[in-house]
Each structure stands twice: as C-alpha cells, then as structure tokens.
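The structure appears below as structure tokens.
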Amino acid sequence: MNTESFGYRSQARRPGTYIALGLAMAVVYLCITLDLGQLVIALALVYVALVVRRLWLNPVKGFRLGRGWVEIYRPRGVDVIQLREVDSVTVCRTNKGATACFLNMGTGEILPLPGAEKLEFQQIIREFGLRGVRVLA
C-alpha cells in the first residue's frame, strides 16, 4: 500500500491540448494557403487563441495526499493543509454516482477536495484511514 503520496491532479498542459494547438495551427496554415476567405481564417485564429489561452493560464485542479498533509490545487494556487488540522473527512457519492470528498476542519470549515470524483470511493477511505484521519462515509 502506497502511503507516500496519493491523489488526482488535472491541468491544461497535457498532450491532448498540444495536439489541439498543432491541429489549429495547421488549419490556419491551410486556410491561408488555400485562400478560404477572411471569415474562415478569422475563426481558425480565434480557435488558436483559445487553445493558447488555455495553455497560458494552465488551470489546474485536484489534490495530493501525503503522509501528514494535503495539497489542494485550485486555479488560484495551491493550499497546503496539515492533517493534524483536519477533524474528519466525509466521503460520499453524489446523485450522479461520482465520489465526493470533504475535509471537516477543526475550525468548523468544510473544504471540498477537487478531483475526488475521478477516484474510487473505497480507495479514498483507505488512504485517509492509513494516515490516521477519521473517515465518515
């Protein structure tokens, strides 16, 4: 059982986004060389701009669970929370069948874990349990 690091992280800089950028640039090139008209070229350039913006901003979402801490990745940055500050963890299923996970802090604050919906219900319970955090399911 891996107790070093566990979690899920998703970000914009991945192979699929770079493939979309390459295809968009190829479409712009073909539109210009085949003289397909200003509107088609403009639409292709808008698509390139959207893909470049996504790569530039590189939105990230998810979390990583270490031995004594949780890193929560949000678009505005990374929050590092020590597990000793966590009172308990609530793991449940949404009405769509996805996993939802919430950190119940000692201060009364409840923090959702982004990316938990991509993970197995029992796996999250097991990983928090291995780290000595009380799990409410």
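Identify, please: which residue in region 83-106 is assigned to a loop (DSSP other than H, G, I, E, B) and in contact (Cβ under 8 Å) with a residue 12 or more places away in the chain and is, among those, least open to solvent (accessible area, probe 1.4 Å)?
Ala98
List every residue pair whose Cβ atoms sit under 6 Å apart, with the two residues 6 or more apart in sequence or on different chains, where the first one lies in region 32-58 and is farther than 30 Å from Arg76 by Cβ and hydrophobic (A, V, I, L, M, F, W, C) and the second, anywhere, is open to solvent by 30 Å² or more (accessible area, probe 1.4 Å) and not in a loop (DSSP other than H, G, I, E, B).
Ala44/Val27
Those residues that are open to solvent by less than 30 Å² (accessible area, probe 1.4 Å) and either under 26 Å from Gly132 (Cβ atoms) or in a loop (DSSP other than H, G, I, E, B) (or both), I need them from region 69-79; list them, please.
Within region 69-79, Val70, Ile72, Tyr73 meet the criteria.
Pull up region 107-135, narrow it to residues that are at positive phi and in contact (Cβ under 8 Å) with a residue 40 or more places away in the chain, then point me to the one that is least open to solvent (accessible area, probe 1.4 Å).
Gly115
Could you please let me know if Leu43 is in contact with a helix residue (DSSP H, G or I) (Cβ under 7 Å, 6 or more places away or on another chain) and closer than 30 Å to Val28 by Cα?
Criteria not met by Leu43.
Looking only at region 44-67, which residues are basic (Lys, Arg) and surrounded by 14 or more Cβ atoms within 10 Å (Cβ to Cβ)?
Selection gives Arg54, Lys61, Arg64.
Condition check ((1) under 22 Å from Ser10 (Cα atoms); (2) β-branched (Val, Ile, Thr); (3) modelled with pLDDT under 90) across all residues:
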position	(1), (2), (3)
Gly66	yes, no, yes
Cys92	yes, no, yes
Asn95	no, no, yes
Thr99	yes, yes, yes
Ile124	yes, yes, yes
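The values are calculated or read from the model by the stated rules, or taken from the named source; none is laboratory data. Remember, predicted model here, so these are calculated numbers, not experimental data. With ideal geometry, Cβ positions are generated from the backbone for all residues, glycine too; neighbour counts draw on all protein chains shown. Side chains included, ligands, DNA and RNA excluded: accessible areas come from the protein's heavy atoms. Shrake-Rupley method; radii C 1.70, N 1.55, O 1.52, S 1.80 Å.
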